[in-house]
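Below is one structure; the comments refer to it alone.
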Amino acid sequence: MTDTKHNKEFEYVAGNGLLDRRLFLKRGIQFGTITALASTVTQLLQAETETAFNSARPPWMTQPGKPFSLYGKPSEFEDDVVRFPTQNESVLGNGVSWSPLHLMEGTITPNGLHFERHHNGIPQIDPAKHKLLIHGMVKQDLFFRMEDLYRYPMQSKICFIECGGNSNAGWNSSPSRSEAGYFNGMASNSEWTGVPLKVLLAEAGLKSSAKWLIAEGADAFNMQMSIPIEKAMDDAFLAIYQNGEKIRPEQGYPLRLIVPGWEGVLNVKWLRRLMITDRPVMARNETSRYTELQPDGKARQFTFFIEAKSLITSPSANMLLKQPGLYQITGLAWSGRGKIKKVDISADDGKTWAEAELQQPVLDRAFTRFRLPWQWNGKKTVIKSRAMDETGYVQPERTELIKKRGKHGFYHYNAITNWQIDEDGYVSHVYDKNENQTLSDNSIDSSWD
Ligand SMILES: Nc1nc2c(c(=O)[nH]1)N[C@H]1C(S)=C(S)[C@@H](COP(=O)(O)O)O[C@H]1N2
Ligand SMILES: [Mo]
């Protein structure tokens, strides 16, 4: 990893060391220049002779391992890969725990690391006693027990859920100092399985006056949210399973509404009632919250869609690049309007950009993993990613977002995140060059509604 000079054998695709996204695929690991990456590893192996390697058996090879278990857990060496809880002291069970996006790879969020956002704690629901009521502007009211729902044909969809308040520290006047996930990790991605809502609504029979669906949760907060009937009849569904097992209590056990691509708050957990109406319920979370004042004095309300966003998860805030050389820039991109079309990366603070490799399959309204090899020359620089979705929408710079939405934003922050790498390899969050860079002195600087 010592070769910091511009290496002729690499194919540079943009300024400051960005390399062709197919570098490894095209050349294979046997190709000479790749030793730039492998040299550290090879040196270590050479120091240890083959005989020493054969004779010094690690302790775990000298005795039988642990027995089988009923439910598997991560390795004890991974116990720092955890959610980051931030709680509201004045309202019991109101808070968030952030997904550690910077410590994960791939696209699926393990169930134990899915972010949490509860307004009044996690109800412990006995599924045998749980019921769902569908009523209001329908031809017949319907009650379902969980055992009734299990008999319906189910469907699976891999999609993200992102809280409309995610990344809201981006609106602060100084850059967040939290790790990438503990500032942007009110977003997670799972395979959800359950019953299409349109099947149940068709069974109840919508009256012609039906315009909205009001979903209600069985938590002490008694969450209520209004969803236009078109979306309910389109792709919304009632999830029972999350990544192959029953939904975790934190995520809404035994039944949750999934509204693909729309803001998190609409994905009502612990679902107990669907009331069909001709108008929205105007609940707290659609009037005083999840709405925001714009520069023209009007409020944005019923925003619904999560716009395209991307985030470099590695290297990212508070990580350390130990020496110059070859690295992989990787991260996640998603859009509530469809598939991610492309992600561009810049390693020279936005002067030049190169297209990252998107990991297949790229799915509709799901996390998309991007990667690009990068040769860091050991100099101070800023790296950033910019997503474009299939509608052609391009993720804005922070200054653009603020120009459009004003300084009073709180929700729906989807601007480009800049990670600065200093000469020592330390990574930190910075705003655009021409903005105020004062660091906030509060390390827990991300909040929620
Ligand atoms: N019943 C109920 N549903 C709820 C909430 C809640 O507090 N109660 N929080 C909402 C919010 S604001 C978000 S962002 C998502 C969070 O889902 P998760 O906790 O599974 O990540 O659930 C939504 N559904
Ligand atoms: Mo949320």
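The values are calculated or read from the model by the stated rules, or taken from the named source; none is laboratory data. Predicted, not measured: the structure shown is a model, and the values here were computed from it. Ideal geometry is used to build each Cβ from the backbone, glycine not excepted, and the neighbour counts take in all protein chains shown.
Here are the numbers:
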| quantity | calculated |
| --- | --- |
| Residue check, residue 129 more than 19 Å from residue 216 (Cα to Cα) and away from ligand 2 (no atom under 16 Å from the Cβ) | no |
| Residue in region 64-79 that is assigned to a loop (DSSP other than H, G, I, E, B) and either among the acidic types (Asp, Glu) or under 17 Å from residue 163 (Cα atoms) (or both) present | yes |
| Residue in region 229-242 that is under 30 Å from residue 320 (Cα atoms), more than 12 Å from ligand 1 (Cβ to nearest atom) and surrounded by 24 or more Cβ atoms within 10 Å (Cβ to Cβ) present | no |
| Criterion (away from ligand 1 (no atom under 14 Å from the Cβ) and among the acidic types (Asp, Glu)) met by exactly one of 263, 286, 357 | 357 |
| Considering residues of region 192-215 that are among the aliphatic types (A, V, I, L, M) and within 16 Å of ligand 1 (Cβ to nearest atom) only, the residue surrounded by the fewest Cβ atoms within 10 Å (Cβ to Cβ) | 214 |
| Residue match in region 154-176 (condition: of a type in the set (D, E, K, R) and either over 17 Å from residue 257 (Cβ atoms) or more than 18 Å from the chain's Cα centre (by Cα) (or both)) | no |
| Scan of region 223-237 for residues that are away from ligand 2 (no atom under 16 Å from the Cβ) and out of contact with any helix residue (DSSP H, G or I) (no Cβ under 6 Å at 6 or more places or on another chain), ordered by number | 228, 229, 230, 231, 234, 235 |
| Residue satisfying condition, being under 24 Å from the mean Cα position of the chain (by Cα), within 24 Å of residue 267 (Cα to Cα) and away from ligand 1 (no atom under 16 Å from the Cβ), within set 121, 95, 106, 112 | 106 |
| Unique residue being part of a helix (DSSP H, G or I) and either on the phi < 0 side of the Ramachandran plot or charged (D, E, K, R) (or both) when the list is 379, 404 | 404 |
| Residue under evaluation residue 249, criteria (1) over 21 Å from the mean Cα position of the chain (by Cα); (2) within 11 Å of ligand 1 (Cβ to nearest atom); (3) surrounded by fewer than 22 Cβ atoms within 10 Å (Cβ to Cβ), criterion not met | (1) |
| Selected residue [of a type in the set (S, T, N, Q), at pLDDT 95 or above and within 12 Å of ligand 1 (Cβ to nearest atom)] from 189, 184 | 189 |
| Looking only at region 141-172, and only at residues there that are away from ligand 2 (no atom under 16 Å from the Cβ) and assigned to a strand (DSSP E or B), the one that is farthest from residue 204 (Cα to Cα) | 158 |
| Residue match in region 150-170 (condition: in contact with a helix residue (DSSP H, G or I) (Cβ under 9 Å, 6 or more places away or on another chain), more than 12 Å from residue 276 (Cβ to Cβ) and surrounded by fewer than 19 Cβ atoms within 10 Å (Cβ to Cβ)) | yes |
| Scope region 82-102; condition crowded, with 18+ Cβ neighbours inside 10 Å and either out of contact with any strand residue (DSSP E or B) (no Cβ under 7 Å at 6 or more places or on another chain) or not aromatic (Phe, Trp, Tyr) (or both); matching residues | 83, 95, 96, 97, 99, 100, 101, 102 |
| Number of positions in region 292-301 that are assigned to a loop (DSSP other than H, G, I, E, B) and either touching a residue at least 24 places away in the same chain (Cβ under 8 Å) or charged (D, E, K, R) (or both) | 4 |
| Top-ranked residue in region 177-192 [being part of a strand (DSSP E or B) and more than 13 Å from residue 260 (Cβ to Cβ); ranked as nearest to ligand 2 (Cβ to nearest atom)] | 187 |
| Wholly within region 221-269, strands (runs of 3 or more DSSP E) carrying at least 2 residues that are aromatic (Phe, Trp, Tyr) and modelled with pLDDT of 95 or more | 237-242 |
| Scope region 270-286; condition within 15 Å of ligand 2 (Cβ to nearest atom), in a loop (DSSP other than H, G, I, E, B) and either under 23 Å from residue 414 (Cα atoms) or in contact with a helix residue (DSSP H, G or I) (Cβ under 7 Å, 6 or more places away or on another chain) (or both); matching residues | none |
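Residue by residue, here is whether (1) more than 8 Å from ligand 1 (Cβ to nearest atom); (2) more than 22 Å from residue 120 (Cβ to Cβ); (3) among the charged types (D, E, K, R) holds:
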position: 217; (1), (2), (3): no, no, no
position: 224; (1), (2), (3): yes, no, no
position: 272; (1), (2), (3): yes, no, yes
position: 276; (1), (2), (3): yes, yes, no
